[in-house]
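Below is one structure; the comments refer to it alone.
The values are calculated or read from the model by the stated rules, or taken from the named source; none is laboratory data. What you see is a predicted model; the values in this text were computed from it and never measured. Heads up, the Cβs are rebuilt from the backbone with ideal geometry, glycines too, and the neighbour counts pull from every protein chain shown.
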Amino acid sequence: MTDAASMATRLYVAIDTQDLARAEQLAAAIAPAGASLKLGLEFFSAHGPAGVAKVKAKAPASRLFLDLKFHDIPNTVASAVRAALAVAPYMLNVHAAGGPAMLRAAKEAADEEAAKRGIARPLVIAVTVLTSLDDADLAAVGQTPPAADQVKRLAALTQSCGLDGVVCSAHEAAILRALCGPDFRLVVPGIRPKGADVGDQKRVMGPLDAIQAGASDLVVGRPITGADNPADAARAIAEEMLGKMAS
Ligand code: C5P
């Protein structure tokens, strides 16, 4: 794989829609760029695993991040993880706030079920603190602010339970990279390439800055899905991730 192709696999295009035809069309449009796909609660609630399989079929070589953020008792999360492996995700996630037993159960279920199905074991990562929560929100749910300390605490917990990484803001990437070492995946949304609309994201970072801060994978939605040519937009971001500005 070339540098550019391997960087493209670390770019997850957020397909946030309830429209199955639109999701299929986006997956097909992005596939030639070699970028990966992210499907989340919005699409999954509308179309379930059958819909995910249909979208994936439009980009068979692309990796899939199933962003369902499981958070429940360990037994239920383990069962949900097993069921989710029917669509062979490359990566899936849970909430770190579910606690150590839940985190370990998710990881074990993913490993066992992948072996049973004869597929690659998916990466299991955790959400630490939703970036929509500020210190006042944390206090409101009885957690001790500052949010940055809670992010570090939950990232360390996630790693100690054997999971593969966390979702985090680009602004947390440097500190988590130092805390968790080089092999821990830091999956970062809130990315905007040069000149792109910020939309409702409050604290954005460019692709190269995020990679240099320690991100291993980026999640980008509207700057790609809203582009006239999504494959070109994805390629340009992969180039930016590599530090080569697209002309
Ligand atoms: O369109 P945009 O690039 O803002 O999409 C970002 C994607 O990343 C969306 O799917 C959004 O739900 C997700 N996300 C985020 N911020 C987080 C966690 C996930 O924007 N903290």
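Tabulated values for the structure
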| read-out | value |
| --- | --- |
| Residue ranges of strands (runs of 3 or more DSSP E) in the range 142-247 with at least 2 members touching a Phe, Trp or Tyr at 6+ places or on another chain (Cβ under 9 Å) and within 16 Å of the ligand (Cβ to nearest atom) | 165-167, 217-220 |
| Top-ranked residue of the range 145-182 - restricted to ones that are touching a helix residue (DSSP H, G or I) at 6+ places or on another chain (Cβ under 7 Å) and loosely packed, with under 14 Cβ neighbours inside 10 Å, ranked as nearest to Leu218 (Cα to Cα) | Gly162 |
| Top-ranked residue of the range 34-53 - restricted to ones that are buried (at least 16 other Cβ atoms within 10 Å of the Cβ) and over 18 Å from the mean Cα position of the chain (by Cα), ranked as nearest to Tyr90 (Cα to Cα) | Gly51 |
| Subset of the range 103-139 [within 18 Å of the chain's Cα centre (by Cα), part of a loop (DSSP other than H, G, I, E, B) and at pLDDT 95 or above] | Ala120, Arg121, Pro122, Thr128 |
| Residue within the range 196-211 that is surrounded by fewer than 16 Cβ atoms within 10 Å (Cβ to Cβ), at pLDDT 95 or above and closer than 22 Å to Ala14 by Cβ present | yes |
| Selected residue [free of Cβ contacts under 8 Å to residues at least 12 places away in the same chain and either touching a Lys or Arg at 6+ places or on another chain (Cβ under 9 Å) or part of a helix (DSSP H, G or I) (or both)] from Ala80, Ala50 | Ala50 |
| Whichever residue in the range 71-102 is surrounded by fewer than 22 Cβ atoms within 10 Å (Cβ to Cβ) and among the polar types (S, T, N, Q) and, among such residues, is farthest from the chain's Cα centre (by Cα) | Asn75 |
| Residues that are among the small types (Gly, Ala, Ser) and either over 25 Å from Gln25 (Cβ atoms) or touching a Lys or Arg at 6+ places or on another chain (Cβ under 7 Å) (or both), drawn from the range 196-247 | Gly199, Gly206, Ala210, Ala213, Gly214, Ala215, Ser216, Gly243, Ser247 |
